[in-house]
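Peer 1: For reference, the structure I am asking about is given below.
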Amino acid sequence: LQDAAYSIRGFVRATVQLVMAPLRLWPRGMRKSVATPSRRPGGFQPPHCPNPACDFHHPRGDWHFVRNGKKLHRGRLLRQTYLCRHCGRSFSATTFATTYWLRHPQLLRPIATLVTEGAGLRQTARVLRTSHTTVMRHLARLGRHCLLTHRRLIADRPIPEALVFDGFESFAHSQFFPFHANLAAGSTSWFIYHFTLSPLRRKGAMTRGQKRKRARLEQLHGRPNPKAVEEGIAALLRPLLPYLASSARTLHSDDHPAYPRALKRLKQQQAMPACQHMATSSKARRTQKNPLFPVNLADLLLRHGSANHRRETIAFSKCLQGVADRMAVFTVWRNYVKKRREKASWPTETAAMCAGVIDRALSWREILKRRLFPAGADLPLEWMRYYYRRMEATGSGWKQTEHCLRYAF
């Protein structure tokens with residue numbers, strides 16, 4: 001009986017191959033004519049063409065696609081493929097998944113959870129039993145996806161509250177390469193609207209050997225821009241000020257000398273509304289009554305939940321691009337996943353719910369449900385550099401790679 005079963009299986013397999021053989025020999029143009037439309041109720045409906053060069057890369061009602069056969073997925077499952085009738089690009093449902101082209105797609109959500117809970121890259125790799133380079137690649141993809149997610153949710157949305165902006169200092173690669181992380185948050189909702197990074201020059205008390213090393217590094221890599229904080233604050237507020245409500249055009253910050261210069265630079269540009277700037281001393285008590293409390297709380301959570309920003313840590317970021325990736329993941333987690341307050345007596349609302357951006361808390365499964373494309377995200381100029389990994393890799397040299405993949409992201 002076992003031999004007979006094997007013979008029947010072989011006969012069926014040979015018959016299927018004989019029937020499908022003529023289809024494989026047909027030219028590609030003839031396959032299009034026999035493909036049938038895939039607009040079935042309840043099935044997967046491609047929202048748009050995934051080809052960025054196609055005219056139908058954005059969702060349009062007159063876009064036409066057809067089913068184009070099936071292919072093996074990971075050597076076992078058969079996946080339906082589709083064909084764009086305008087550009088000829090072939091794709092499937094996995095093309096619109098955040099795990100597209102990932103060898104270990106099951107690691108994406110656990111990495112997002114562990115990274116926001118204070119674990120370092122190697123700690124995350126040990127927990128998930130994988131390589132730390134795999135965690136780095138997944139984290140880079142998470143950072144790009146979180147940039148697009150945040151911009152998609154707040155695009156062209158008015159800001160009904162005053163803004164509080166400030167920053168904190170950390171370093172990447174070594175303590176000779178500090179940077180200033182600029183954050184803008186809502187004064188009432190504590191919602192983080194935007195962030196930028198400004199490389200700085202090392203300052204403070206140094207020994208003679210440290211001064212000689214700083215001079216040697218500046219001769220090799222160049223001296224950081226002395227107006228980096230001013231330009232970073234201007235880039236931070238430029239995409240936000242046009243959407244401020246007329247009743248909320250008030251900006252709160254500390255008494256950093258670069259902040260008034262940045263606001264003066266913005267006033268000289270067109271389409272920038274006039275805002276009232278109120279400065280609070282950085283030596284004031286950092287309680288909830290402090291006007292800078294939303295940003296101070298964000299700095300506190302960054303120090304607490306990000307291993308690369310803790311005091312005297314060995315898990316510091318090795319390049320500034322890694323800081324941008326983790327900042328993007330932290331922004332989405334703080335706004336849409338984490339509760340606004342941790343006390344059980346308070347309602348379980350998030351900062352995004354308080355700001356009116358969403359009506360319920362999101363999970364990482366919902367955030368990573370669908371792949372987002374950068375073509376229609378309207379990213380600010382600074383975030384375009386973060387997305388395509390075009391930041392200056394000070395001290396990293398050839399280790400910094402630019403994101404230039406065509407289909408994977």
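The values are calculated or read from the model by the stated rules, or taken from the named source; none is laboratory data. Only a predicted model underlies this, so the values are computations on that prediction, with no experimental measurement involved. Glycine also receives a Cβ, built like all others from the backbone with ideal geometry; neighbour counts cover every protein chain displayed. Heads up: the accessible areas ignore ligands, DNA and RNA and are worked out on the full protein's heavy atoms, side chains in. Shrake-Rupley method; radii C 1.70, N 1.55, O 1.52, S 1.80 Å.
Peer 1: Any residue in region 122-142 that is closer than 10 Å to Ile111 by Cα sitting within a Cβ distance under 8 Å of a residue that is charged (D, E, K, R) and crowded, with 17+ Cβ neighbours inside 10 Å? List the pairs, counting only those 6 or more apart or interchain.
Peer 2: Leu139/Asp325; Leu139/Arg326; Leu142/Asp325
Peer 1: Conditions: (1) farther than 20 Å from Met136 by Cα; (2) open to solvent by less than 70 Å² (accessible area, probe 1.4 Å); (3) out of contact with any His (no Cβ under 6 Å at 6 or more places or on another chain). Pro291 meets all but one. Number of the miss?
Peer 2: (3)
One line per residue, one yes/no per condition, for (1) in contact with a helix residue (DSSP H, G or I) (Cβ under 7 Å, 6 or more places away or on another chain); (2) under 21 Å from Gly143 (Cα atoms):
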site	(1), (2)
Glu169	no, yes
Ser187	yes, no
Phe191	yes, yes
Arg214	no, no
Val229	yes, no
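Peer 1: Shifting gears a bit: Of all residues in region 320-350, which are out of contact with any strand residue (DSSP E or B) (no Cβ under 8 Å at 6 or more places or on another chain) and of a type in the set (S, T, N, Q)?
Peer 2: The answer is Gln321, Ser345, Thr348, Thr350.
Peer 1: Which one is modelled with the highest pLDDT among residues in region 269-282 that are in a loop (DSSP other than H, G, I, E, B) and open to solvent by 70 Å² or more (accessible area, probe 1.4 Å)?
Peer 2: Initial filter on region 269-282 (in a loop (DSSP other than H, G, I, E, B)): 269-275, 281-282.
Filter again for open to solvent by 70 Å² or more (accessible area, probe 1.4 Å), leaving 270-271, 274.
Details: Gln270: 74, Ala271: 76, Ala274: 86.
Per the criteria, the residue is Ala274.
Peer 1: Something else about it: When region 219-231 is examined, which residues are found to be in contact (Cβ under 8 Å) with a residue 24 or more places away in the chain and either on the phi > 0 side of the Ramachandran plot or assigned to a loop (DSSP other than H, G, I, E, B) (or both)?
Peer 2: Listed by number, the residues that qualify are Pro224, Asn225, Pro226, Lys227.
Peer 1: Kindly indicate whether any position in region 295-318 is open to solvent by 80 Å² or more (accessible area, probe 1.4 Å), within 21 Å of the chain's Cα centre (by Cα), basic (Lys, Arg) and under 30 Å from Leu142 (Cβ atoms).
Peer 2: For region 295-318, residues open to solvent by 80 Å² or more (accessible area, probe 1.4 Å), within 21 Å of the chain's Cα centre (by Cα), basic (Lys, Arg) and under 30 Å from Leu142 (Cβ atoms): present.
Peer 1: A follow-up question, please. Quick one: which residue in Leu266, Leu251, Leu236 is surrounded by 15 or more Cβ atoms within 10 Å (Cβ to Cβ), under 23 Å from the mean Cα position of the chain (by Cα), outside any loop (DSSP other than H, G, I, E, B) and of a type outside the set (Gly, Ala, Ser)? Talk me through it step by step, then tell me what you get.
Peer 2: Numbers: Leu266 fails: under 23 Å from the mean Cα position of the chain (by Cα); Leu251 fails: under 23 Å from the mean Cα position of the chain (by Cα).
Exactly one residue qualifies, and that residue is Leu236.
Peer 1: Examine region 386-400 for a residue that is within 21 Å of the chain's Cα centre (by Cα), at pLDDT below 80 and either among the basic types (Lys, Arg) or open to solvent by 60 Å² or more (accessible area, probe 1.4 Å) (or both), and state whether such a residue exists.
Peer 2: yes
Peer 1: Among Arg216, Arg202, Arg285, which is in a loop (DSSP other than H, G, I, E, B) and either modelled with pLDDT of 95 or more or surrounded by fewer than 18 Cβ atoms within 10 Å (Cβ to Cβ) (or both)? Break it down into steps so the answer makes sense when it comes.
Peer 2: Working: Arg216 fails: in a loop (DSSP other than H, G, I, E, B); Arg202 fails: either modelled with pLDDT of 95 or more or surrounded by fewer than 18 Cβ atoms within 10 Å (Cβ to Cβ) (or both).
Among Arg216, Arg202, Arg285, only Arg285 is in a loop (DSSP other than H, G, I, E, B) and either modelled with pLDDT of 95 or more or surrounded by fewer than 18 Cβ atoms within 10 Å (Cβ to Cβ) (or both).
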